[in-house]
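Novice: Structure below; questions to follow.
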């Protein structure tokens with residue numbers, strides 16, 4: 001579908017400010033608004049042939065009317081079933097990162113009169129179940145950085161956390177109190193916590209493997225912790241050196257201690273679709289572990305597709321099984337993008353009523369089980385999709401991208417987020433022509 | 001060996017979403033072992049009698065009418081046709097020209113993976129697309145390949161005639177839903193391009209040659225920004241009415257999300273039958289697979305993709321372009337949707353072209369699976 005002549009270079013585009021360009025290409029920018037449905041301000045009128053690709057014998061020259069097709073569009077729209085409500089939505093402008101200000105917007109876009117095929121009915125079914133607000137749990141500083149070969153300095157970690165918080169992310173997993181013997185990359189947990197203790201705009205949970213880690217976390221100032229069990233027996237044994245039941249017993253002790261300190265606990269379940277050792281994981285096992293964590297006092301259960309093998313076909317039965325025993329509003333999804341499947345999996349989860357999504361800025365965190373493969377889904381890509389769906393996240397994509405750029409620059413590699421790469425390229429090219 | 005009767009039972013239980021042979025083709029032995037592990041009573045590789053009912057329940061059917069599964073996956077097509085555009089849409093963007101023999105070998109490997117439509121080349125003037133200047137030679141070399149169709153892109157009547165004399169049995173034309181893009185990309189207005197294509201389609205009909213129509217910029221345009229769904233519907237209808245057998249809707253700059261795809265598809269489906277529609281999403285912002293899933297939920301059953309994600313985005317340098325066929329097939333396999341594509345053989349085709357281009361695949365599935373293979377050899 002790409003250009004079949006010389007690609008449209010940016011020197012041929014009207015000049016725009018960087019932000020304007022970002023707006024054009026942000027998910028919200030390309031969502032049709034009632035304003036733009038009409039034949040109006042968007043159309044570039046009266047321009048002659050571009051001089052960039054001069055006509056030659058391959059192309060006939062036409063001297064037709066400049067925009068005869070406008071008339072045709074009007075004719076086509078007469079029969080359109082696209083139901084346009086009176087525009088009450090003057091706020092629906094392409095504001096960067098704050099695209100949808102009205103809960104009515106989705107209806108405005110895709111509720112329309114039914115055709116004989118009843119297609120409208122289907123699309124309403126798909127989108128009406130999607131939550132209006134999604135909480136994004138940013139795991140980059142922990143789940144992302146714990147996989148880095150080169151240890152990231154404390155100051156860089158802290159700066160990353162600050163930038164993430166300033167982008168509007170409500171929850172940023174700050175670090176982990178797992179023994180530095182196992183995770184040397186986060187040995188500075190105490191120092192990180194000290195440096196972020198003044199941050200008030202976001203919650204900063206930390207990972208804790210047991211009561212000892214919990215106590216260290218609380219002493220370091222943690223106000224929220226996370227624990228992690230596996231739905232796969234083999235993975236539990238190889239990853240945390242004990243059986244599922246043993247780990248649950250351990251965590252009951254943590255939850256008890258946390259309750260005494262009024263510290264909320266988040267529970268992770270890993271290998272919710274597949275395990276690198278066992279293969280497929282039955283949904284019933286995932287439901288069992290999720291229920292145990294919920295019953296012992298976890299306020300939220302994050303379901304992780306640790307090796308990223310899930311597709312909607314496997315995610316749905318898994319979610320169904322878990323939602324039978326844990327309320328949907330207490331669940332989060334934590335998909336890995338190892339096979340490129342995380343965004344469709346997230347979309348499906350939203351359609352099923354899940355409203356908390358874990359992700360990692362710039363897609364930090366590779367997959368330790370498939371060397372070179374990607375791991376966490378990139379927060380920028382998730383926010384881009386949610387913006388396009390009209391789902392609120394409170395996240396400012398531009399600021400998020402700055403955070404991603406910051407850490408990618410430090411790590412000396414390109415962002416693992418396609419949205420970030422695309423928008424960077426677009427703005428880089430735009431800035432060259434100014 | 002797998003008992004044919006058992007496969008019959010399984011595929012029937014799976015709501016006729018797959019014929020037994022397609023089921024076998026879609027899952028290699030490793031996957032069948034995996035599936036067996038879902039329910040110890042299911043034996044796909046052995047002789048035990050098994051009850052496969054639970055298996056089908058796990059994947060996408062549910063007994064309860066109120067189950068969310070019904071709502072979310074009920075209308076998915078049982079079969080999706082993949083239109084492979086790598087050799088054309090992918091390779092036309094390469095800086096270094098790929099030799100004819102490599103192109104031909106790639107096409108052969110793609111066909112042997114089970115892909116039934118492979119866009120072979122383009123008869124746009126070599127002045128504009130030097131990468132595909134060898135169109136005639138490519139067509140010569142693939143004349144005898146059975147089992148797949150090889151549409152070629154053509155810009156006008158002249159290109160059409162060249163394509164036909166080179167042996168093309170199917171062609172594709174492309175119009176834009178954005179006026180600015182039409183002018184910048186093919187140097188004429190939308191109406192002018194449609195008039196041009198009416199001549200082509202006329203000529204094609206005289207010799208009973210099928211024509212596929214592409215619509216570009218169905219969500220956003222690099223110049224204009226938003227493209228209204230009504231415009232997309234207009235152009236799609238024009239192409240359909242003039243005689244195109246299939247209309248492929250292209251998100252040229254990859255900016256779409258399900259929130260914009262749905263109204264666009266709704267509008268187009270009002271005026272073009274759904275069976276004549278295809279989606280062609282670019283993965284520039286990582287949104288292609290979720291857009292494809294949304295399209296499937298709306299009943300679309302033809303998807304364009306490019307092996308190993310060949311073909312970058314010329315509007316955001318360095319950004320990705322086409323969605324990778326391997327990632328699409330992986331998702332469709334997981335949904336139990338039949339594609340006829342053997343993922344292993346597809347991976348080989350991708351591996352072949354990426355080795356030639358000396359870079360890793362832009363397919364996460366390909367990277368993950370080849371890394372897995374490499375590790376298992378250790």
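Novice: Testing the spin-label approximation: label points 7 Å from Cα along Cα→Cβ at residue B:375 and residue B:75. State their distance in nm.
Specialist: Label at residue B:375, label at residue B:75, 4.0 nm between them.
Novice: If you scale each eigenvalue of the Cα gyration tensor by 5 and take the root, what three semi-axes come out for segment A:167-294, rounded to whole angstrom and sorted largest first? Before the final figure, lay out each step's value.
Specialist: Numbers: eigenvalues 138, 46, 44 Å².
That gives 26, 15, 15 Å for the three semi-axes.
Novice: Just round it to a whole percent: the fraction of Cα-Cα distances in segment B:92-142 exceeding 12 Å.
Specialist: Values: 791 of 1275 pairs.
The share of Cα pairs beyond 12 Å in segment B:92-142 comes to 62 percent.
Novice: Report the convex hull volume per residue for segment A:235-284, counting only C-alpha atoms, in Å³. Mind showing how you got there, number by number?
Specialist: Numbers: hull volume 4.3 nm³, N = 50.
About 86 Å³ per residue, rounded to a whole number.
Novice: Also, I was wondering about something else. Give me D for segment B:81-374 in µm² s⁻¹, whole number, from Stokes-Einstein with Rh from the Kirkwood sum over alpha-carbon pairs, 20 °C and 1.002 mPa s. Don't skip to the answer; put the middle values down first.
Specialist: Working: Rh = 18.8 Å.
Translational diffusion coefficient: 114 µm²/s.
Novice: Turning to a different aspect of this structure: Based on the alpha-carbon gyration tensor of segment A:373-414, what equivalent-ellipsoid semi-axes (square roots of 5 times the eigenvalues) come out, in whole Å, largest first? Could the numbers behind the result be given before it?
Specialist: On the way: eigenvalues 94, 34, 7 Å².
Those come to 22, 13, 6 Å.
Novice: Where does segment B:92-236 land on the Kirkwood hydrodynamic radius, alpha-carbon pairs, in angstrom? Mind dumping the intermediate values first?
Specialist: Working: mean 1/r = 0.0620 Å⁻¹.
For segment B:92-236, inverting the mean 1/r across all distinct Cα pairs yields 16.1 Å.
Novice: So how compact is segment A:283-434: Cα radius of gyration and Dmax in angstrom?
Specialist: Taking only Cα atoms of segment A:283-434, I get Rg and Dmax of 16.8, 59 Å.
Novice: Then there's this: Gain in length, residue A:262 to residue A:149, computed as 0.36 nm per residue apart minus the alpha-carbon separation, to one decimal in nm? Mind showing how you got there, number by number?
Specialist: Working: separation 113, 0.36 × 113 = 40.68 nm, distance 3.55 nm.
Between residue A:262 and residue A:149, full extension yields an extra 37.1 nm.
Novice: Quick check: the distance between the Cα centres of segment A:319-333 and segment A:284-317, to the nearest angstrom?
Specialist: Going from one Cα centre to the other spans 8 Å.
Novice: For segment B:168-274, just list the percent of Cα-Cα distances falling in each 10 Å bin from zero outward, please.
Specialist: In order of increasing distance, the bins hold 16, 49, 29, 6, 0 percent.
Novice: Right, another one. Once both labels are modelled 7 Å past Cα along the beta-carbon direction, what's the residue B:157-residue B:195 spacing in nm?
Specialist: 1.3 nm
Novice: How much length is gained if the chain between residue B:169 and residue B:355 is pulled fully straight, taking 0.36 nm per residue apart and subtracting their Cα-Cα distance, in nm to one decimal? Provide the component values of the computation, followed by the final result.
Specialist: Numbers: separation 186, 0.36 × 186 = 66.96 nm, distance 3.05 nm.
Working it through step by step, the gained length comes to 63.9 nm.
Novice: Report relative contact order for segment B:81-374 in percent, whole number only (criteria: Cα-Cα under 8 Å, sequence separation at least 6).
Specialist: Values: 593 pairs, mean separation 51.7, N = 294.
Relative contact order of segment B:81-374: 18 percent.
Novice: What do you get for Rg/Rh over segment B:155-226 if you use C-alpha atoms and the Kirkwood form of Rh? Walk me through the intermediate numbers first.
Specialist: Details: Rg = 13.2 Å, Rh = 12.8 Å.
My calculation of the ratio gives 1.03.
Novice: Here's another thing I want to ask about it. Please express the shape of segment B:209-254 as an equivalent ellipsoid: the semi-axes are the square roots of 5 times the eigenvalues of the C-alpha gyration tensor, given largest first in whole angstrom. Don't skip to the answer; put the middle values down first.
Specialist: Numbers: eigenvalues 90, 24, 7 Å².
They are 21, 11, 6 Å, listed from largest to smallest.
Novice: To the nearest Å, what is the center-to-center distance of segment B:258-331 and segment B:354-372, using C-alpha atoms only?
Specialist: Using only Cα atoms to place each centre, the spacing works out to 21 Å.
Novice: Take the Cβ-Cβ distance between residue A:394 and residue A:197 as r, set R0 to 22 Å, and report the resulting FRET efficiency rounded to the nearest 0.05. Before the final figure, lay out the partial values.
Specialist: On the way: r = 22 Å, r/R0 = 1.02.
So the FRET efficiency works out to roughly 0.45.
Novice: Let me ask another. Please work out the Cα center distance from segment A:178-205 to segment B:133-182, rounded to the nearest Å.
Specialist: 59 Å
Values quoted throughout were computed directly from the atomic coordinates according to the rules given, and no laboratory measurement underlies them. Treat the numbers as computed from the prediction; the structure is a model and nothing was measured. Please note: Cβ atoms are built from the backbone with ideal geometry, for glycine as well, and neighbour counts cover all protein chains shown.
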